[in-house]
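The structure appears below as structure tokens.
The values are calculated or read from the model by the stated rules, or taken from the named source; none is laboratory data. If you're wondering where the values come from, they're calculated on a predicted model, not measured in any experiment. Glycine also receives a Cβ, built like all others from the backbone with ideal geometry; neighbour counts cover every protein chain displayed. For accessibility, only protein heavy atoms count, side chains too; no ligands or nucleic acids. Shrake-Rupley method; radii C 1.70, N 1.55, O 1.52, S 1.80 Å.
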Amino acid sequence: MTFDELLAFDKQHIWHPYSSLTNPLATYPVESASGVRIRLMDGRELIDGMASWWSVIHGYAHPVLIDAIQQQAAKLSHVMFGGLTHEPAVQLARTLVEITPDPLDLVFFADSGSVSVEVAMKMAIQYYYAIGRKEKQGFLTIRSGYHGDVFHCMSVCDPVNGMHHIFKGILPEYLFADRPECGFYDEWDELDFLSFQKLIEKHHPSLCAVILEPIVQGAGGMRFYHPQYLCKVRELCDRYDLLLIADEIATGFGRSGKLFACEHARIVPDLLCVGKALTGGYMTLAAVLAGGRIGEFISQGDPGVFMHGPTFMANPLACAVANASVRLLLESEWQKNVLALEKGLKLGLAPCRDLESVADVRVLGGVGVVEMKEAVDMKRVQPAFVSKGVWVRPFAKLVYVMPPYCIEQEDLASLTTAICEVLAEEESR
Ligand SMILES: *Cc1c(COP(=O)(O)O)cnc(C)c1O
């Protein structure tokens, strides 16, 4: 297939994420990728700023990860998980239990982040159902969150960003506290917690869980909030008998500078969702970790089983590459690498602060964000990034990067320089 044929068919027949078929943005055919470089079919190479949406933490075409998939493919690519088990799943569950705090010692494998969030929400409902508190079915979350695109996930995504009005009447309606305003580096302000506190005090008898992204709110606004907020959430969940679901699908495996972002607040959730970087971005896989108590109650109550079982649950290929990826991470100097990334992003993005069109520049761990005052014009900005040899995919007002941890300082500087230049060119248009 020629380059033109491929693009023409793609344009006519294929949906891309959040895309219009009648007014599409440019789509760039990728030939291959290696390290932090994405190679386009026309021969151009782009330095990857996105890690394919938080997931490719070790870079592309890593020999250890390729080997893990190839070896596993030759042995057992897939087998149903009902009534059967296998070493890749057991090994991965053991690792996940080991690297997460007590009492998280049960693992439910899912095939995508959204499904894992759905599963965690079902677990919370089924837990209270099992202990005879059937009225506890509601959820409380915070604005500016993102938890995935299927219905229950959407219902706890930010109601404005998440376009709840389109699905009004069929989307479950849950409670939203004001988004945290106190930033990660700000001085803590008790008032920031007032909205959350009022909602939980008033509604806790009908609530089964709080769900949120710890510290880093991803696709819902790319915001970093104060650890004290999370401490208070944990405290009130205990006081009012609610489970706390931490959605670490974006933050897990070191991205925020800690292995899990909950560690910034030294709290332990009751249910923990991981995904994205779990496999190093090589396969789709996610998991929910739960405390043993939750598993026991669900298993002893009616109907005596947890009601979920994806066809590709614990896919051996995905588990094998996840095992290899987590091992690579833990054996690497990831804290040092993420810290270097944080320093490079802070330094490299700082010049954006001088731009009139920029509202805020913020960096935490391996995440760098330039928030604009107005939404960027993707029809101009996207080709501008590509022509400067970087892959950055802004949305609305947010120009953000979360590169693979293995990026060299020189490539990181090229990436941040390109961001500063493109935004300056936009401003002076
Ligand atoms: C990406 C993401 C999800 C959804 O994961 P998918 O694999 O896209 O279904 C859920 N929560 C958070 C915080 C995410 O970043």
Under 5 Å from the placed amide H of ASP105, counting only residues 5+ away or on other chains, we find ALA290, GLY291, GLY292
Gyration tensor on Cα atoms of the range 116-188, a ≥ b ≥ c root eigenvalues, a/c under 1.5 rounded, else prolate if a/b beats b/c, else oblate, says oblate
Phi-derived 3J(HN,Hα) across the range 141-156 with the Karplus relation (6.51, -1.76, 1.60, θ = phi - 60°), rounded Hz, x for Gly and Pro, is 9, 10, 5, 6, x, 9, 9, x, 10, 7, 4, 5, 5, 4, 5, 10
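Name the shape class, rounded, prolate or oblate, that the alpha-carbon gyration tensor gives for the range 113-264, where a ≥ b ≥ c are the square roots of its eigenvalues, rounded holds for a/c under 1.5, and otherwise prolate holds if a/b is larger than b/c and oblate otherwise.
Numbers: a/c = 1.42, a/b = 1.23, b/c = 1.16.
Rounded.
Based solely on its DSSP helices, what 222 nm [θ] is calculated for the chain when runs of n ≥ 4 H residues each add -39,500 (n - 2.57) and the sum is averaged over all residues, nearest 500 deg cm²/dmol?
-11500 deg cm²/dmol
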HN-Hα couplings for the range 330-342 via Karplus (6.51, -1.76, 1.60; θ = phi - 60°), in whole Hz with x for Gly/Pro, come out as 5, 7, 8, 8, 5, 4, 5, 5, 5, 5, 5, 4, 4
If each K or R counts +1 and each D or E counts -1, the residues other than SER34 whose Cβ falls under 12 Å of its Cβ total -1
For LYS343, counting only lysines whose alpha-carbon sits under 29 Å away and dropping same-chain residues fewer than eight positions off, the answer is LYS258, LYS276, LYS373, LYS388, LYS397
Debye calc, one equal point scatterer per Cα of the chain, no solvent, log10 I(q)/I(0) at q = 0.06, 0.07 1/Å comes to -0.25, -0.34
Protection proxy (average C-beta count within 10 Å per residue), highest first, orders 22-31, 192-201, 243-252 as 243-252, 192-201, 22-31
Karplus-derived 3J(HN,Hα) from phi for the range 56-70 (6.51 cos²θ - 1.76 cosθ + 1.60, θ = phi - 60°), whole Hz, x at Gly and Pro, runs 7, 6, 9, x, 8, 6, 6, x, 5, 6, 4, 4, 4, 5, 5
Under 5 Å from the placed amide H of VAL390, counting only residues 5+ away or on other chains, we find ILE47
Mean separation of Cα contacts under 8 Å (at least 6 apart) over the residue count of the range 252-396, i.e. the relative contact order in percent, is 20 percent
Any lysines whose Cα falls less than 26 Å from that of LYS198, other than same-chain ones fewer than 8 residues away, would be LYS122, LYS134, LYS136, LYS168, LYS232
Taking Cα atoms only, helix 87-99 is inclined relative to the longest principal axis of the chain by an angle, in degrees rounded to 10, of 80 degrees
If each part is reduced to its alpha-carbon centroid, the range 67-81 and the range 330-371 end up apart, in Å, by 37 Å
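Keeping the other protein chains in place, figure out the carbon and sulfur percent of the accessible area of the chain, with a 1.4 Å probe. Don't jump to the answer; show the numbers that get you there.
Values: 10650 of 19410 Å².
Carbon with sulfur: 55 percent of the solvent-accessible area.
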With every protein chain kept in place and a 1.4 Å probe, the chain has an accessible area per residue in Å² of 45 Å²
For the chain, longest principal axis from Cα atoms; helix 3-13 axis from its Cα atoms; angle between them, nearest 10 degrees, is 40 degrees
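DSSP loop GluC sites (Glu not before Pro) in the range 373-424 with at most 10 other Cβ atoms within 10 Å of their Cβ, which ones?
Details: sites: GLU374, GLU408, GLU410, GLU421; in loops: GLU374, GLU408.
Passing sites in the range 373-424 are GLU374.
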